[in-house]
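Since the structure comes first, as structure tokens, the remarks are kept for the end.
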Amino acid sequence: MKDVLYDVNEMPKAGVLVGLSFQHLFAMFGATVLVPILVGIDPAVALLSSGLGTLAHLSVTKFKIPAYMGSSFAYIAAMQMLMKTDGIPAVAQGAVTGGLVYLIVGLIVRAVGNDWIDRILPPIVVGPIVMVIGLSLATTAVDSIMLKNGHYNLLYFFIGMVTLLAVIFFNIYGKGIVGIIPILLGLIVGYIFAIGIGLVTGQQIIDFQSVAQAKWFSLPSVELPLVNYGLKLYPSAILTMAPIAFVTMTEHFGHIMVLNSLTKRDYFKDPGLDRTLTGDGLAQIVAGFLGAPPVTSYGENIGVMALNKIYSVYVIAGAAVIALLLSFVGKVSALIQSIPSPVLGGISVALFGVIASSGLKILVESQVDMDDKKNLLIASVILVSGIGGLMLQIQGLQISGVAFSTLLGIILYQILPHSAN
């Protein structure tokens with residue numbers, strides 16, 4: 001391919017390799033560390049699982065697919081709920097269950113092909129579910145901007161809005177790599193603005209004491225919840241997070257299609273969809289075992305490849321190794337955890353909104369007929385039940401939010417007839 005600088009199996013020279021890998025690290029960094037912060041998990045553990053998960057995915061797919069694995073936003077609401085009730089062991093079980101769903105689907109695809117997937121998860125189901133994932137987190141994002149200790153705070157509002165506007169500015173007007181890493185740059189701008197407004201007003205918005213006290217070398221606080229918390233079963237966690245795996249799976253299919261187009265290959269055939277699903281599933285199981293958020297393939301890194309025409313799997317592997325090494329730098333973890341909530345809120349408004357808009361995009365691009373009563377009702381039920389947090393609870397067993405609306409959508413699509421137009 002004439003316009004490719006480094007193809008999939010070409011390795012750049014050492015110095016160039018490191019620089020290109022850092023570029024991919026910057027692309028995934030902001031989103032990957034934001035998820036654990038919002039949930040209440042050490043971001044260093046997320047970096048560790050991101051690196052290990054990516055290397056696992058590369059290994060399973062025979063180093064043929066340049067895909068990077070980062071923290072998944074789809075599970076945030078479910079994880080927040082589980083952290084309040086049963087804590088990290090429940091989140092870990094849910095993450096592992098999601099990974100097992102990938103492995104099972106991979107085995108089915110290997111045996112019978114993948115035509116059945118479109119019948120289970122058509123655009124009219126997937127689109128509204130993706131919208132629910134973004135919109136159900138709207139209150140969390142907005143509260144982070146406005147509230148300090150439960151009360152409205154004008155300084156927080158300004159910090160959050162500056163951060164949000166910075167993300168928008170870099171995303172719209174940024175050229176080259178700047179346009180690929182608007183989250184990271186917006187975070188930096190918001191952080192610096194928070195420092196400045198704290199100095200001007202005399203209020204301590206950021207606590208640097210923990211950063212100063214942190215060691216340069218520090219082991220990530222890996223809890224190994226599946227080992228250290230006994231063998232207790234959390235049915236609610238399993239039933240809440242397993243259906244979400246089907247949603248992230250559709251995202252996975254989309255990313256593979258984009259990579260097919262970029263690299264002029266057909267990854268559905270070689271190494272095969274069964275292997276790509278297995279790679280994603282194994283990466284999620286690794287994350288769950290470590291007590292980290294579930295991971296998924298990252299569009300941000302695909303964007304970097306589309307921009308620089310460098311598809312080398314060695315560059316992706318290099319980014320994974322750097323992320324892994326950074327997880328052992330204590331001051332990096334402490335610095336991430338010092339990010340004030342309005343900065344996180346400003347980033348979240350943009351990110352969660354983009355997720356919701358992506359669901360709308362699925363409906364538009366698939367040309368879903370909303371005059372069909374079946375489609376209209378399915379979308380309506382998914383949106384209201386998901387955003388409203390409709391919950392099925394039986395003797396401590398809970399299925400709520402995204403998970404329950406996903407099940408409702410799948411069932412309704414199978415049983416409702418199309419209306420005659």
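The values are calculated or read from the model by the stated rules, or taken from the named source; none is laboratory data. Remember, predicted model here, so these are calculated numbers, not experimental data. Cβ: placed from backbone, ideal geometry, glycine included. Neighbour counts: every protein chain shown. With ligands, DNA and RNA removed, areas are computed over all heavy atoms of the protein, side chains included. Shrake-Rupley method; radii C 1.70, N 1.55, O 1.52, S 1.80 Å.
Going by the conditions given, is I205 among the β-branched types (V, I, T) and closer than 30 Å to G303 by Cβ? Spelling it out, it is not the case that I205 is among the β-branched types (V, I, T) and closer than 30 Å to G303 by Cβ. Taking each residue of region 107-119 that is in contact (Cβ under 8 Å) with a residue 40 or more places away in the chain and looking for partners that are not in a loop (DSSP other than H, G, I, E, B) with beta-carbon atoms closer than 6 Å, six or more apart or interchain, yields V109/L273; V109/D274; R110/D274; N114/L273. When L226 is tested against (1) at pLDDT 80 or above; (2) farther than 30 Å from D3 by Cα; (3) assigned to a helix (DSSP H, G or I), exactly one condition is not met: (1). Return yes when A214 is touching a Lys or Arg at 6+ places or on another chain (Cβ under 7 Å) and among the small types (G, A, S) and no when it is not. Yes, satisfied. Listed by position, the helices (runs of 4 or more DSSP H) inside region 311-421 whose residues that are open to solvent by 10 Å² or more (accessible area, probe 1.4 Å) and of a type in the set (K, R) number at least 1 are 330-337, 341-365, 373-388.
Applying the set (1) among the hydrophobic types (A, V, I, L, M, F, W, C); (2) surrounded by 17 or more Cβ atoms within 10 Å (Cβ to Cβ); (3) closer than 26 Å to A31 by Cβ; (4) in contact (Cβ under 8 Å) with a residue 24 or more places away in the chain to F170 leaves exactly one unmet item: (4).
Checked against (1) within 20 Å of the chain's Cα centre (by Cα); (2) open to solvent by less than 30 Å² (accessible area, probe 1.4 Å); (3) modelled with pLDDT of 85 or more; (4) within 18 Å of L47 (Cα to Cα), A245 meets all criteria but (4). Screening L407 against (1) touching a residue at least 60 places away in the same chain (Cβ under 8 Å); (2) farther than 17 Å from I244 by Cα; (3) of a type in the set (A, V, I, L, M) leaves a single unmet condition, (2). Taking first residues from region 234-261 that are more than 14 Å from A67 (Cα to Cα) and partners that are surrounded by fewer than 22 Cβ atoms within 10 Å (Cβ to Cβ) and among the charged types (D, E, K, R), the Cβ contacts under 7 Å between residues at least 6 apart in sequence or on separate chains come to Y234/D86; A237/D86.
Checked against the criterion of being open to solvent by 60 Å² or more (accessible area, probe 1.4 Å), in a helix (DSSP H, G or I) and not hydroxyl-bearing (S, T, Y), the candidates L262, L273, L239 yield just one match: L239.
Listed by position, the helices (runs of 4 or more DSSP H) inside region 51-153 whose residues that are among the hydrophobic types (A, V, I, L, M, F, W, C) and closer than 28 Å to S261 by Cα number at least 2 are 88-112, 115-120, 123-135.
Suppose the filter is assigned to a helix (DSSP H, G or I), more than 28 Å from S341 (Cβ to Cβ) and either in contact with a Pro (Cβ under 7 Å, 6 or more places away or on another chain) or in contact (Cβ under 8 Å) with a residue 60 or more places away in the chain (or both); does L17 pass it? Judged against the criteria, L17 is a match. When you scan region 88-120, how many residues do you find that are modelled with pLDDT under 90, crowded, with 16+ Cβ neighbours inside 10 Å and small (G, A, S)? Number of matching residues: 0. All of L377, L335 fail the test of being farther than 30 Å from I168 by Cβ and either modelled with pLDDT of 90 or more or hydrophobic (A, V, I, L, M, F, W, C) (or both), apart from L377. Residues in region 19-46 that are touching a Gly at 6+ places or on another chain (Cβ under 6 Å) and open to solvent by 10 Å² or more (accessible area, probe 1.4 Å): 0 in all.
The set of residues from region 47-66 being open to solvent by less than 10 Å² (accessible area, probe 1.4 Å) and over 11 Å from A317 (Cβ atoms) comprises L47, S49, S50, G53, T61, I65. Would region 278-294 turn up any residue that is assigned to a loop (DSSP other than H, G, I, E, B) and of a type in the set (F, W, Y)? Scanning region 278-294, I find no residue that is assigned to a loop (DSSP other than H, G, I, E, B) and of a type in the set (F, W, Y), so the answer is no. Across region 173-191, the number of residues qualifying as crowded, with 21+ Cβ neighbours inside 10 Å and within 12 Å of P340 (Cβ to Cβ) comes to 2.
Right, V286: under 23 Å from L17 (Cβ atoms) and in contact (Cβ under 8 Å) with a residue 24 or more places away in the chain or not? Here the answer is no, as V286 does not meet what is asked. Residues of region 130-166 that are open to solvent by less than 50 Å² (accessible area, probe 1.4 Å), hydrophobic (A, V, I, L, M, F, W, C) and closer than 13 Å to F352 by Cα: V130, M131, V132, I133, L137, A138, A141, L164. Residues in region 194-209 that are closer than 16 Å to L154 by Cα, open to solvent by 70 Å² or more (accessible area, probe 1.4 Å) and assigned to a helix (DSSP H, G or I): 2 in all. Within region 72-118, the set of residues being among the small types (G, A, S) and under 26 Å from R275 (Cα atoms) comprises S72, A74, A92, G94, A95, G98, G99, G106, A111, G113.
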